[in-house]
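So the structure is just underneath, and the comments pick up after that.
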Amino acid sequence: MSKHTVVTMPGDGIGKVVLPEAVRVLEAAGFQADYVHGDIGWEFWQREGNALPDRTISLLRQHKLGLFGAITSKPKKAAEAELSPALQGKGHVYYSPIVTMRQLFDLDICIRPCPSFPGNPLNFVRRGKDGIEEPKINAVIFRQNTQGLYSGVEWTNPPKLVRDAIETHRQMKNYAAVDGRDLAISCRILTRPACQRIIRAAFEYAKKFGYKSVTICEKPNVIRETSGMMEDEAKRIAAEYKDIALRSTNIDAQMMWLTKNPEDYGVLVASNMFGDILSDGFAGLVGGLGFAASANIGREVAVFEPTHGSAPKYAELKPSIVNPIAMILAACMMLDHVGQTATAGRIREAIGKVVAEGKVRSYDMMRLSGGPAAIGQGAASTEQITDAILGKL
């Protein structure tokens, strides 16, 4: 097997805990790679005024492959208050490193698988005609990753030029009397090529893995232009895939239906904000953020991450109690990306065996409150969960 170089970016909080566990599993599974550390996170914002230093960007540009842990993010005023005194008042603005990576490297395709592992006590159950039943869920959400409401085009007290332009729209008459200081505007921007790329990626995935349908999840009856463009392109592209049905749902209705019949959904595709909501909703049915992994894929660079946050209150616990499975599943997605699907499959199978066996469970799987007492109540440590997975390998 060819050897890869992976830029490891632990980031903040529990990112520094779970990423080394994923590397342990990758090495035990036989993945041949060099790992180079990339600086990222809150400490670099505080010291340098940049949470994603140029040196880390250069590493990603060179090696094309990244594993990312977690990041701390704070509102504008709180972020500026934590800057080094020498940097305060110098015009530094905090930007999320992962959002910056997505924009900088055009990581426009986000893939978030949400499969349920049999035996996971956090799996969704419902009352059926014959009693309690646990549907098998295997949804995969394709999220347009760089545009929509995450484009970053927004203002509070918009400049006169901007306000004059926006007020040419007839609906702005409702805000004509609002003082600019009391007006905040965020633009939801979609481009046709970006819509086409994420929708085609969803159909190709469905074709490759035998899914019978792709569901476009938007709100075209209200957000007529942007959601309308997604819907139109989905219909056009679906015509090229005769064996895959196109289904259409509104995001609000979908959030209700996913707790009624989640097993009916396979591949779903949505714009940025709706895809974010959709993927968290499905993740909640298959174990929550401890099992939720994500791929950010561009034409050259790809970065893989768990979708949980940095949870700083757990970062310093000894032993650590956090669930490393989402990070390990993110590493599996990286293996799929580089063509090592057999190795990824072995790791997922090992995770499945540990979950089904039920002898080693993290505090979240046991529905315990997080904290140092969890270990004494029978929860496994982070390292013990990884050890159990290695044992099944």
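Of all residues in the range 355-374 being in contact with a Phe, Trp or Tyr (Cβ under 8 Å, 6 or more places away or on another chain) and among the aliphatic types (A, V, I, L, M), which is nearest to Ala315 (Cα to Cα)?
Within the range 355-374, the match that is nearest to Ala315 (Cα to Cα) is Ala374.
Does the range 179-188 contain any residue that is in contact with a Cys (Cβ under 6 Å, 6 or more places away or on another chain), surrounded by 15 or more Cβ atoms within 10 Å (Cβ to Cβ) and in a loop (DSSP other than H, G, I, E, B)? Explain how you work it out, then say what you get.
To start, the set of residues in the range 179-188 that are in contact with a Cys (Cβ under 6 Å, 6 or more places away or on another chain) comprises none.
No - not one qualifying residue is present in the range 179-188.
Tell me which helices (runs of 4 or more DSSP H) are completely within the range 1-89 and hold 2 or more residues being under 21 Å from the mean Cα position of the chain (by Cα) and β-branched (Val, Ile, Thr), or say none if there are none.
15-28, 54-63
Of all residues in the range 167-221, count the ones that are closer than 25 Å to Asn138 by Cβ and either touching a His at 6+ places or on another chain (Cβ under 9 Å) or of a type in the set (Gly, Ala, Ser) (or both).
5
Being surrounded by 15 or more Cβ atoms within 10 Å (Cβ to Cβ) and modelled with pLDDT of 90 or more is the filter here, so list the residues in the range 83-95 that pass it. Can you show your working first?
We begin by selecting, within the range 83-95, every residue surrounded by 15 or more Cβ atoms within 10 Å (Cβ to Cβ); these are 83, 87, 92, 94-95.
Those that are surrounded by 15 or more Cβ atoms within 10 Å (Cβ to Cβ) and modelled with pLDDT of 90 or more: Leu83, Leu87, His92, Tyr94.
Residues are listed down the side, and each one gets a yes or a no for (1) in contact (Cβ under 8 Å) with a residue 12 or more places away in the chain; (2) touching a Pro at 6+ places or on another chain (Cβ under 9 Å); (3) polar (S, T, N, Q); (4) under 30 Å from Gly339 (Cβ atoms):
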site	(1), (2), (3), (4)
Pro20	no, yes, no, yes
Glu27	no, no, no, yes
Arg61	yes, no, no, yes
Gly66	yes, no, no, yes
Ala70	yes, yes, no, yes
Lys76	yes, no, no, no
Gly91	no, no, no, no
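Looking at Met273, Met365, which is the one that is in the same structural domain as Ile198 (by TED's automatic domain parsing) and either over 23 Å from Arg200 (Cα atoms) or out of contact with any helix residue (DSSP H, G or I) (no Cβ under 7 Å at 6 or more places or on another chain) (or both)?
Of Met273, Met365, the one residue that is in the same structural domain as Ile198 (by TED's automatic domain parsing) and either over 23 Å from Arg200 (Cα atoms) or out of contact with any helix residue (DSSP H, G or I) (no Cβ under 7 Å at 6 or more places or on another chain) (or both) is Met273.
When residues of the range 292-335 are filtered for being under 19 Å from Gln103 (Cα atoms) and of a type in the set (A, V, I, L, M, F, W, C), how many remain?
First, pick out the residues of the range 292-335 that are under 19 Å from Gln103 (Cα atoms): 294-307.
Filter once more, so that each one left must be of a type in the set (A, V, I, L, M, F, W, C): 295, 297, 301-304.
Number satisfying all stated conditions: 6.
Might you check whether a residue that is surrounded by 15 or more Cβ atoms within 10 Å (Cβ to Cβ) and more than 33 Å from the chain's Cα centre (by Cα) occurs anywhere in the range 158-171?
Scanning the range 158-171 turns up at least one residue that is surrounded by 15 or more Cβ atoms within 10 Å (Cβ to Cβ) and more than 33 Å from the chain's Cα centre (by Cα).
Keeping to the range 23-56, report how many residues are touching a Gly at 6+ places or on another chain (Cβ under 9 Å) and within 20 Å of Leu329 (Cα to Cα).
Number satisfying all stated conditions: 0.
Here are the criteria: (1) touching a residue at least 60 places away in the same chain (Cβ under 8 Å); (2) over 28 Å from Pro97 (Cβ atoms); (3) not aliphatic (A, V, I, L, M); (4) not assigned by TED's automatic domain parsing to the domain that holds Gly210. Tell me which single one Tyr265 does not satisfy.
With (1) touching a residue at least 60 places away in the same chain (Cβ under 8 Å); (2) over 28 Å from Pro97 (Cβ atoms); (3) not aliphatic (A, V, I, L, M); (4) not assigned by TED's automatic domain parsing to the domain that holds Gly210 applied to Tyr265, the lone miss is (4).
Looking at Ile251, Ile216, Ile223, which is the one that is in the same structural domain as Val140 (by TED's automatic domain parsing), in contact (Cβ under 8 Å) with a residue 40 or more places away in the chain and among the aliphatic types (A, V, I, L, M)? Working first, answer last.
On the way: Ile251 fails: in contact (Cβ under 8 Å) with a residue 40 or more places away in the chain; Ile223 fails: in contact (Cβ under 8 Å) with a residue 40 or more places away in the chain.
Step by step, each of Ile251, Ile216, Ile223 is checked, and only Ile216 is in the same structural domain as Val140 (by TED's automatic domain parsing), in contact (Cβ under 8 Å) with a residue 40 or more places away in the chain and among the aliphatic types (A, V, I, L, M).
Taking the range 295-312 only, how many residues are modelled with pLDDT of 95 or more and either under 27 Å from Gly228 (Cβ atoms) or out of contact with any Pro (no Cβ under 9 Å at 6 or more places or on another chain) (or both)?
Let us first name the residues in the range 295-312 that are modelled with pLDDT of 95 or more, namely 295-306.
With the extra rule that they be either under 27 Å from Gly228 (Cβ atoms) or out of contact with any Pro (no Cβ under 9 Å at 6 or more places or on another chain) (or both), the set shrinks to 296-305.
Total satisfying the criteria: 10.
To keep it simple, each residue is scored yes or no on (1) within 27 Å of Gly358 (Cα to Cα); (2) in contact with a strand residue (DSSP E or B) (Cβ under 7 Å, 6 or more places away or on another chain); (3) not β-branched (Val, Ile, Thr).
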residue	(1), (2), (3)
Asp243	no, no, yes
Thr249	no, yes, no
Asp252	no, no, yes
Glu263	yes, no, yes
Thr307	yes, yes, no
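The values are calculated or read from the model by the stated rules, or taken from the named source; none is laboratory data. Quantities reported herein were computed from a predicted structural model and do not represent experimental measurements. So basically every Cβ, Gly included, is an ideal-geometry build from the backbone, and we count neighbours across all protein chains shown.
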